[in-house]
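Take a look at the structure below.
A short reminder: the numbers here are calculations on the coordinates, not readings from a lab. Since the model is a prediction, treat every value here as computed from it, not as a measurement.
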Amino acid sequence: MAGLSGHAGIHTPAQRCAPKGRLREISKLSDAGPIRPIVDKVYPFAQTPEALGYVETGRAKGKVVVAVSQ
């Protein structure tokens with residue numbers, strides 16, 4: 001399917017998934033605390049379009065979070 005998408009003018013980036021053992025290790029590290037995402041901005045749910053616009057600018061220096069509830 002990825003090979004056909006270019007013919008329709010659709011471009012999908014390849015995404016790779018780590019082997020299960022690596023995902024488990026990453027999950028353990030994350031649960032233990034040493035892995036912390038860098039959060040650039042947090043937007044309330046009502047400002048989701050603005051959040052997406054910010055991501056599309058390419059200026060985000062970390063994760064852009066949309067808060068669903070507080």
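Amide H contacts for Tyr43 (H built 1.01 Å from N in the peptide plane; partners 5 or more residues away or on another chain; cut-off under 5 Å): Val65, Val66, Ala67. Of all aspartates and glutamates in the structure, the ones whose alpha carbon falls short of 18 Å from that of Lys63, not counting any fewer than 8 places away in one chain, are Asp40, Glu50.
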